[in-house]
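Engineer: Can you keep this structure in mind? I'll have questions shortly.
Values in this text are rule-based calculations from the coordinates and carry no lab data. Predicted, not measured: the structure shown is a model, and the values here were computed from it. Note that each Cβ is placed from the backbone with ideal geometry, even for glycine, and that neighbours are counted across all protein chains shown.
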Amino acid sequence: MSDAYRAALERAYTLALDFHGLRAQRRPAATASFDALRAALNGPTPTDGMAPAEVIEQLAEGVEAGLMGGAGPRYFAKVTGGSHPVGVAADWLTSIWGQNSGSYLGSPANAVVEQIAAAWLLDLLSLPPECSIGFTTGATMASFVCLAAARSEVLRKVGWDVDAQGLFGAPPIDVCLGNDAHATIFAALRYLGLGHDRVIRIPTDDTGRMQAGALSTALASCGGPLIVIGQAGQINTGAFDPFNEIADLVHCHGGWLHVDGAFGLWARSCPALLHLTEGIEQADSWATDGHKWLQMPYDCGYAIVRDAHAHRRAMAYEASYLPAAGGECREPFHYVPELSRRARGFATWALIRALGRSGIAAMIEQHCALARRMAQRLASEAGVEIGNPVELNQFVVQFGTGLPPPQRDQLTRAVIGHVQAAGVCYVGEASWRERVVMRFSVISWATTEADIDRSAESIIAAWRAVGAGVTAASEITPGSTA
Ligand SMILES: *Cc1c(COP(=O)(O)O)cnc(C)c1O
């Protein structure tokens, strides 16, 4: 290796260790403006090259103030994992190894490690061992893959080969989903030619759980090929659909049940939470993320399909330059849309190996306990209302209990602004049941009880500052969101 390249790698290594070491001290959100960020790295297209280590230095310096604190302990705004150092270490090697992980012959090491990691995942999630798994970029693409398999199978059963003939002239498919399904499901349906509006929306309860009675009513008027999409872990409340009832209904109608379990599916790996997911094992496919509760570095999701034939029928193809390795060798590209792609098996293998079944269960249980701790701290403050029972790691909060809804929205927005400006923790705004809420999610390996307590103090201080002027709501000024 030339000395210059070695210097760049060493500089990146040192910068990475420094960043990791400071993760708890850093502000949890970007501080630079759009203009400042652009100014830091923009310029005419470079004509001449630059020394490799200097490039790395400039990149790190230029982006520093624009980095969010997702890898730190007090980032609660989104359901995102914390890029665990063991996964990152394996990911560094993945990059330097430069494996094209599409086919077995492209990287025997990756193909075998994915196969092993897939079996471990099924075991951890207590899903049927015959399922096949595709290693995708995230849960959006995992649902896309699963729903492609679903589309293939429900049409095959009525004598239509959608993979060969497409949807032109095909019998119509009924697609049912809960009214509080994640936005990315609609995107996946769109990519598949199923349309994001051509769906039957099933009413949900207060926490976003699909109502089985309403599904039953809807299915009574569905006669043809059927796909039903359930949810494990609603993005605001963490709620789980009643899978026992739903699975029975769907299968009585000869349909395919897919589950979006981007983060919630991981409750399966935790004995204390397993009851929430009861019946989910009866589904036909499941999408989940590696980069959420498993703490994988971006990007990583898993498309899990019970019927491996349907999975391959929807995804696999042949090409003369892709000779099959044959035998028991698994071809990674038979289960995902991409051919050339990142080898996600290595980091998955490393994280599961490092945490173990007990470590994963303990982490998930701890996150739920920390979410309850935060909810209790906030609920004990007058004027603060937690919007859902905290069964998992997620909840929504509104400020200004008893005031008219528009005023509560305004106050909640102002509290979020104050918390962001204080910079102790990072929380964001969401919309739930037509109200502005602060959504709170505990899902990083790095978060401790002390982080929750410090953050609770910051949020309560923000509410006291904002709520002090509550008698005249018009005087309340939102905090800066710098
Ligand atoms: C995050 C999330 C998704 C999308 O996952 P990506 O990994 O961002 O593609 C889908 N559904 C739910 C419930 C989620 O929380």
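Engineer: Toward the positive end of the charge dipole of the chain, about the Cα centre and with charges on Cβ (Lys, Arg +1; Asp, Glu -1), which of Leu93, Gln376, Gln231 goes farthest?
Structural biologist: The Cα lying farthest towards the positive end belongs to Gln376.
Engineer: Putting +1 on Lys and Arg Cβ atoms and -1 on Asp and Glu Cβ atoms, find which of Gln295, Gly467, Ala170 reaches farthest to the positive end of the dipole of the chain.
Structural biologist: Checking the options against the dipole of the chain, the answer is Gly467.
Engineer: Same structure again: Write down the percent of antiparallel bridges among all DSSP beta bridges whose residues are both part of the chain, to the nearest 5.
Structural biologist: Among the beta bridges of the chain, antiparallel pairing accounts for roughly 60 percent.
Engineer: Mind checking the dipole of the chain: about its Cα centre, +1 per Lys or Arg Cβ, -1 per Asp or Glu Cβ, Debye to the nearest 20?
Structural biologist: 340
Engineer: Starting from the Cα-Cα distance between Thr401 and Thr45, subtract it from 0.36 nm times their residue separation and give me the gain in nm to one decimal.
Structural biologist: Length gained, Thr401 through Thr45: 122.7 nm.
Engineer: Along Cα→Cβ, 7 Å out, is where each label goes; now give me the distance between the ones at Ser216 and Arg353 in nm to one decimal.
Structural biologist: My value for the distance between the label points is 5.0 nm.
Engineer: What are the ³J(HN,Hα) couplings of the stretch 153-163, residue after residue, when phi is run through the Karplus curve with 6.51, -1.76, 1.60 and θ = phi - 60°? Round to Hz, x for glycine and proline.
Structural biologist: 6, 5, 7, 4, 5, 9, x, 10, 9, 5, 5
Engineer: Rounded, prolate or oblate: pick one for the chain, where a ≥ b ≥ c are the square roots of the eigenvalues of its C-alpha gyration tensor, a/c under 1.5 means rounded, and failing that, prolate if a/b is larger than b/c, else oblate.
Structural biologist: Judged from the Cα gyration tensor, the chain comes out oblate (a/c at least 1.5, b/c at or above a/b).
Engineer: Once both labels are modelled 7 Å past Cα along the beta-carbon direction, what's the Ser431-Arg201 spacing in nm?
Structural biologist: Modelled inter-label distance: 1.1 nm.
Engineer: Taking square-rooted eigenvalues a ≥ b ≥ c of the alpha carbon gyration tensor, is the stretch 3-65 rounded, prolate or oblate, where a/c under 1.5 means rounded and, failing that, a/b exceeding b/c means prolate?
Structural biologist: In terms of gyration-tensor shape, oblate.
Engineer: Further, regarding this structure: List every residue whose amide H lies under 5 Å from the amide H of Tyr302, counting only residues 5 or more places away in sequence or on a different chain, with H placed 1.01 Å from N in the peptide plane.
Structural biologist: Thr136, Thr288, Asp289, Gly290
Engineer: Something else about it: For every other residue with a beta carbon closer than 14 angstrom to the beta carbon of Arg372, add +1 if it is Lys or Arg and -1 if Asp or Glu, then tell me the sum.
Structural biologist: So the surrounding residues net to -2.
Engineer: Given R₀ = 22 Å, what would the calculated FRET efficiency be for Ala119 paired with Ser95, taking r from the Cβ atoms and rounding to 0.05?
Structural biologist: For R0 = 22 Å, the calculated efficiency reads 0.30.
Engineer: Before anything else, pin down the relative contact order of the chain: Cα pairs under 8 Å, at least 6 apart, normalised by residue count, whole percent.
Structural biologist: Taking the mean separation of contacting Cα pairs over the length of the chain, I get 21 percent.
Engineer: Going 7 Å from the Cα of Arg373 in the Cα-to-Cβ direction, what parts of the stretch 236-279 have a backbone nitrogen less than 16 Å from that spot?
Structural biologist: none
Engineer: Can you find, among Gly261, Leu339, Gly356, the residue sitting farthest towards the positive end of the charge dipole of the stretch 230-385, where Lys and Arg contribute +1 and Asp and Glu -1 at Cβ?
Structural biologist: Gly356
Engineer: In debye, nearest 20: dipole of the stretch 73-224 around its Cα centre with unit charges on the Cβ of K, R (+) and D, E (-)?
Structural biologist: Roughly 280 debye for the stretch 73-224.
Engineer: Can I ask one more? Relative to the present Cα-Cα distance, how much length would full extension add between Ala461 and Ala272 at 0.36 nm per residue of separation?
Structural biologist: 64.7 nm
Engineer: Shifting gears a bit: Enumerate by residue number the trypsin sites (Lys or Arg not before Pro) in the stretch 139-226 meeting two conditions: DSSP loop (anything except H, G, I, E, B), and at most 16 other Cβ atoms within 10 Å of the site's Cβ.
Structural biologist: Passing both the DSSP loop test and the Cβ count: Lys157, Arg198.
Engineer: Need the C-alpha centroid separation for the stretch 116-150 versus the stretch 293-332, integer Å.
Structural biologist: About 9 Å separates the Cα centre of the stretch 116-150 from the one of the stretch 293-332.
Engineer: If I take every Cα pair under 8 Å that is 6 or more residues apart in the stretch 3-65, average their sequence separation and divide by the length, what percent do I get for the relative contact order?
Structural biologist: Relative contact order, the stretch 3-65: 60 percent.
Engineer: Quickly rank 399-406, 87-94 as a protection proxy: mean count of other C-beta atoms within 10 Å, highest first.
Structural biologist: Ranked from most to least packed, the peptides come out as 87-94, 399-406.
Engineer: When the dipole is taken about the Cα centre of the stretch 297-412, and only Lys, Arg (+1) and Asp, Glu (-1) are charged at their Cβ, what size is it in debye, to the nearest 20?
Structural biologist: Charge dipole of the stretch 297-412: 260 debye, to the nearest 20.
Engineer: Here is a further query. Report the gain in length on full extension from Tyr298 to Asp248: 0.36 nm times residue separation, minus Cα-Cα distance, nm rounded to one decimal.
Structural biologist: Residue separation times 0.36 nm, minus the Cα-Cα distance, leaves 14.4 nm.
Engineer: Taking 30 Å as R0, compute the FRET efficiency from the Cβ-Cβ separation of Tyr191 and Glu130 and round it to 0.05.
Structural biologist: After rounding, the FRET efficiency stands at 0.65.
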